[in-house]
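First the structure, in the form of structure tokens, and then the observations on it.
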Amino acid sequence: MVTGLISAQLPKNIETKYKLTWEDDFSYSNKELDLQWISANHPSKNLYCSRWRENAVVRNGELHLDIHKEKRGGQDWTAGSIWTKQKFKYGYFECRYKYAGGEATNNSFWLMTKPIKAPKEGKIFEIDINEGHYPNEISTNIHNWSDFTKLPNGKKKHPSFNKQFYFGAKPDYSIQLELPVETQKIRFVSNEDSKFNLGEFRVYGVNESGEYPEALSNTADTDIPGIVNYVRVEHVKITSSGSYKNKPSESRLIDGNPLTSWSTQNDGEKWVEFSWSTPIKVGCIQFINGWKDQNNNWRNLIANYKVQYLKDGIWRDISVLDAKENYDFSKEFHTYGLEWTEKELVFYFDGKEIRRTKNEFCHSEAPIFLSLALIKWHGTLRDDLDGKSMKVDYVKYYEAN
């Protein structure tokens, strides 16, 4: 809907180059949504859910894309996905929304030339301004759906350029203790709902110089002369909560390679424990969070953990992370933006640039999509998702001056 137009806190470089020419702030009745938007009304076999107009509901000035546990279209869950009747090309796009609060949700603001209609000229493309995953992940993806390559196994592959951002989490941790601890047991424990990957885990003895290697080093144990990595001594014992598909992978935690990892079981508390027959004195603990894909992006960084040591029969904290305390994108609204020009694609989060890349093939008009999906590749689907929603405050399009 084009209106008198809401004021916005735009990035300074955007504010000087663009003018607001289209927006929807959902300040109308639910039935009026159909004036500007088209809704999905069909099963989605690549997802956990089918998607329907009844799941896209305007309530109190917001668009809610609702999750329901209900059998429809041959599937056990439903959600909502809509796209604009109007198409857009180049400019600045922005949406303010909250994630649905649960794993396995895909909270998306995106542009795509298909399935509405393939362009007469140019590539079929998709730009995910944010394919957001609860609680703290922003995923920016660019897909070329025109140029497929057939693989030896018969499957097809298309060019895809993805970059993820995990707020409050990082891939490499080096925890240097202010005061050393003496113990016979160290453990890593997490309440993540779904499986995750934990990479190289090191427990170093005290180094009087205070120097320790980089966590991502391939030669960490020999980088600093004289230090001892106690998880690689002869008599260390490793136990865990389990491994994915019951295929033990704990040995990858101590193989010296930061890019191999222990993959946990799907359900329940996840933990790995290292124990020694005699006490050790610990000065530094390191570990690798997540896994690295073929494009050198770190994936599936976990949002909570504890590293603990056992003393007097009690597990005591060395380091604790709970990213949900400060980065739960289902609790507060955030803005996600894209500057799309003939030459570049620039992505924004809350007015700050997070990614800039060359525009290789996105040169056709495309509608704006707002979508909630339940996906098979990002978390475990649980019954408490029933009734939750992706909540959209507004979506806007700015045209170049």
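FYI, it's all coordinate maths here, none of it is from the lab. The shown structure was predicted, so the numbers you read here are calculated from the model rather than taken from an experiment. Cβ sites come from the backbone with ideal geometry, for glycine too, and all protein chains shown count toward neighbours.
General observations
- Sequence-distant lysines (8 or more away, or on other chains) whose Cα lies within less than 28 Å of residue 311: 185, 237, 270, 281
- Taking label positions 7 Å along the Cα-Cβ direction at both residue 265 and residue 353, the computed distance is 4.8 nm, reported to one decimal.
- By the beta-carbon count within 10 Å of each Cβ, the least crowded to most crowded order of 26, 165, fewest first, is 165, 26.
- For residue 261, net neighbour charge (Lys/Arg +1, Asp/Glu -1) across residues whose Cβ lies under 12 Å away: +1
- For the residues 295, 13, 144, a GNM of the chain with alpha-carbon springs under 10 Å puts the largest fluctuation on 13.
- Three-way shape label, region 57-175, alpha-carbon gyration tensor, a/c 1.5: rounded
- Stretch gain in nm, segment residue 176-residue 246, where the contour uses 0.36 nm per residue and the Cα spacing is subtracted: 21.9 nm
- Counted by neighbouring Cβ atoms within 10 Å, the residues 77, 377, 340, 271 run from fewest to most as 377, 271, 340, 77.
- The chain, helix-only ellipticity at 222 nm - DSSP H runs n ≥ 4, -39,500 (n - 2.57), divided by all residues, nearest 500: -500 deg cm²/dmol
- Restraint check, 45/87; 123/157; 19/114, Cα-Cα greater than 18 Å: 45/87; 19/114
- Restricting region 150-232 to GluC sites (Glu not before Pro) that sit in a DSSP loop and have at most 14 other Cβ atoms within 10 Å of their own Cβ leaves 208, 211, 214.
- Here is the P(r) of the chain: all C-alpha pair distances, binned every 20 Å from 0, give 25, 49, 24, 2 in whole percents.
- Other residues lying with their Cβ under 11 Å from the Cβ of residue 242 contribute a combined charge of +1, Lys and Arg counting +1, Asp and Glu -1.
- Max mean-square fluctuation residue, GNM over the chain, Cα-Cα springs under 10 Å, options 234, 94, 344: 234
- Segment residue 235-residue 382, extension gain: residue separation times 0.36 nm, minus the distance between their alpha carbons: 48.9 nm
- Comparing 60, 191, 289 in a Gaussian network model of the chain (Cα springs below 10 Å), the most mobile by mean-square fluctuation is 60.
- Charge dipole magnitude, Cβ of K and R +1, D and E -1 - region 172-323, Cα centre, debye nearest 20: 460
- Computed over region 342-393, the convex hull of the alpha-carbon atoms projects to a mean area of 6.2 nm².
- Net charge of neighbours whose Cβ lies under 14 Å from the Cβ of residue 16, counting Lys and Arg as +1 and Asp and Glu as -1: 0
- Remark: spin-label model distance residue 150-residue 191 equals 5.1 nm, labels positioned 7 Å along the Cα→Cβ axis.
- Taking a point 7 Å out from the Cα of residue 224 in the direction of its Cβ, the residues of region 272-288 whose backbone N falls within less than 18 Å of it are 280-288.
- For region 172-323, the Kirkwood estimate of hydrodynamic radius, built from reciprocal distances between every pair of different alpha carbons, is 15.7 Å.
- FRET efficiency estimate (nearest 0.05) - Cβ-Cβ, residue 16 to residue 57, R0 30 angstrom: 0.20
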